[in-house]
Amino acid sequence: TNPATDVAATVRYAAKDWGTVLDTQVKNVPAGDRCQLLVTDSSGHTTVVGSWTTTYDEDGVWYPGSSGVTLDTVRSFEVTANGKVLVRVPAR
């Protein structure tokens, strides 16, 4: 959760032979916002790995994404909308 935006996100992710597959759930994003999910790797390179438009009720919705970035190099995820970072999620 980002206290400045009150936006929360959960990112589930797993390794694949070709990179990383993931699902993202968000809370407190205004309806109609066009969101993007970005992944940052260990070299600091950021890649858009998914996008969606929020609806009036995000409860229980998981948005899919994928990346050629290998799991061992994933460092963090960001959910953005309208050019602003809503929440940052560290990789664990």
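What is the sum of charges, Lys and Arg at +1 and Asp and Glu at -1, for the other residues whose Cβ falls under 12 Å from the Cβ of Val61?
So the environment of Val61 carries a net charge of -3.
For the stretch 24-41, 3J(HN,Hα) computed residue by residue from phi via the Karplus equation (6.51, -1.76, 1.60; θ = phi - 60°) reads 10, 10, 10, 9, 6, 9, x, 4, x, 5, 8, 9, 10, 10, 10, 10, 10, 9 Hz, glycine and proline entered as x. Within the chain, the longest run free of chymotrypsin sites (Phe, Trp or Tyr not before Pro) that sit in a DSSP loop with at most 15 other Cβ atoms within 10 Å is 19-55. Using the Cβ of Thr24 as centre and a radius below 15 Å, the other residues enclosed give a net charge of 0, where K and R count +1 and D and E count -1.
Given their separation in residues at 0.36 nm each and the Cα-Cα distance between them, Arg12 and Val48 gain 11.4 nm when the chain is fully extended. Taking every protein chain into account, the accessible area of the chain amounts to 57 square angstrom per residue (probe 1.4 Å). Here is the result for the stretch 1-57: no trypsin sites (Lys or Arg not before Pro) lie in DSSP coil with at most 12 other C-beta atoms within 10 angstrom of their C-beta.
Close amide-amide hydrogen proximity is noted between Lys16 and Val21, Leu71, each under 5 Å apart and 5 or more residues distant or on a separate chain (H modeled in the peptide plane; Pro and chain starts excluded). Comparing mean-square fluctuations of Ser51, Ser76, Ser43 from a GNM of the chain with C-alpha springs under 10 Å, the top value falls on Ser43. At a temperature of 25 °C and a viscosity of 0.890 mPa s, determine how fast the chain diffuses translationally according to Stokes-Einstein, using the Kirkwood radius over alpha-carbon pairs as Rh; express D in µm²/s, rounded to the nearest whole number. D = 187 µm²/s.
Whole-Hz Karplus values for the stretch 78-92 come out as 9, 9, 10, 8, 6, x, 10, 6, 8, 7, 10, 10, x, 6, 10 Hz, taken residue by residue from phi with 6.51 cos²θ - 1.76 cosθ + 1.60 and θ = phi - 60°; glycine and proline positions read x.
As a length-normalised measure over Cα pairs under 8 Å and 6 or more apart, the relative contact order of the stretch 1-55 settles at 26 percent.
The values are calculated or read from the model by the stated rules, or taken from the named source; none is laboratory data. Predicted, not measured: the structure shown is a model, and the values here were computed from it. We place every Cβ from the backbone using ideal geometry, glycine too, and count neighbours over all the protein chains shown. For the accessible areas, the whole protein counts, side chains as well, though only heavy atoms, and no ligand, DNA or RNA atoms are used. Shrake-Rupley method; radii C 1.70, N 1.55, O 1.52, S 1.80 Å.
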